[in-house]
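All remarks here apply to the structure that follows.
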Amino acid sequence: MADELQGKRIAILVDNEGAEQIELDEPRKAVTDAGAEVDLIAPEKGEIQAFNHLDKGDTYQADKAVSDASAGDYHGLVLPGGVANPDNLRTDEDAVAFVRAFFEAGKPVGAICPAPWTLIEA
């Protein structure tokens, strides 16, 4: 399984605040372990505050702002859940357009827990 996604690039889209940490960390580890390169994308480039339920968790750095990202650069998309994450993303026009572009291109999208709220908007 270490090379199953070799040569593939996966986007993980989260809001700058509110993603459930385990739903970010575990999928990221899984696709990285399978050989993919991963970009962490958020509405704003900079710090991402993850949560463990309602408690603040670790912080991460976004590789790109969603307005600077293109679905054409990726082979798949992961949408972690979280208390506020999907609700915030579904109100961000650039995030919704980014998600929609994956569906229009027929690329795989994984949505965890309440992340389908973002899919519904897209």
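Protection proxy ranking of 32-41, 6-15, by the mean of other Cβ atoms within 10 Å over each peptide's residues and highest first, is 6-15, 32-41.
The H on the amide N of Ala36, modeled in the peptide plane, is under 5 Å from the matching H of Leu5, each at least 5 residues off or on a different chain. Once C-alpha pairs closer than 8 Å and six or more residues apart are averaged by separation and normalised to the residue number of segment 1-100, the relative contact order reads 35 percent. Annotation: amide H-H contacts under 5 Å for Glu17 (H modelled 1.01 Å from N, sequence separation of 5 or more, or interchain): Gln49. Estimated translational diffusion coefficient (Stokes-Einstein, Kirkwood radius over Cα pairs, 37 °C, 0.692 mPa s) of the chain: 236 µm² per second.
With all protein chains in place and ligands, DNA and RNA left out, the 1.4 Å accessible area ranks Lys56, Lys64 as Lys56, Lys64, largest first. Entry note, the chain: the mean residue ellipticity at 222 nm calculated from DSSP H runs of n ≥ 4, each adding -39500 (n - 2.57), is -8500 deg cm²/dmol after division by the residues and rounding to the nearest 500. In order along segment 64-78, phi translates into HN-Hα couplings of 8, 7, 4, 5, 9, 9, 10, 4, x, 8, 10, 9, x, 9, 10 Hz, rounded to whole numbers, per the Karplus curve 6.51 cos²θ - 1.76 cosθ + 1.60 with θ = phi - 60° and x for Gly and Pro. Assuming charge only on the beta carbon of Lys and Arg (+1) and of Asp and Glu (-1), the dipole of the chain about its Cα centre is about 280 debye to the nearest 20. Per-residue 3J(HN,Hα) values for segment 46-59, derived from phi via the Karplus relation 6.51 cos²θ - 1.76 cosθ + 1.60 with θ = phi - 60°, read x, 6, 10, 9, 8, 10, 10, 6, 9, 9, 4, x, 6, 10 Hz in sequence order (x marks Gly and Pro). For segment 29-122, the carbon plus sulfur part of the accessible surface works out to 48%, probe radius 1.4 Å. Note on the chain: with a GNM built from Cα contacts shorter than 10 Å, the maximum mean-square fluctuation among Pro108, Pro80, Pro27 falls on Pro108. What the chain shows is 51 Å² of accessible area per residue, with the surface traced by a 1.4 Å probe over protein heavy atoms.
The values are calculated or read from the model by the stated rules, or taken from the named source; none is laboratory data. What you see is a predicted model; the values in this text were computed from it and never measured. Glycine also receives a Cβ, built like all others from the backbone with ideal geometry; neighbour counts cover every protein chain displayed. Accessible surface is based on the protein model in full, side chains and every heavy atom, while ligands, DNA and RNA are left aside. Shrake-Rupley method; radii C 1.70, N 1.55, O 1.52, S 1.80 Å.
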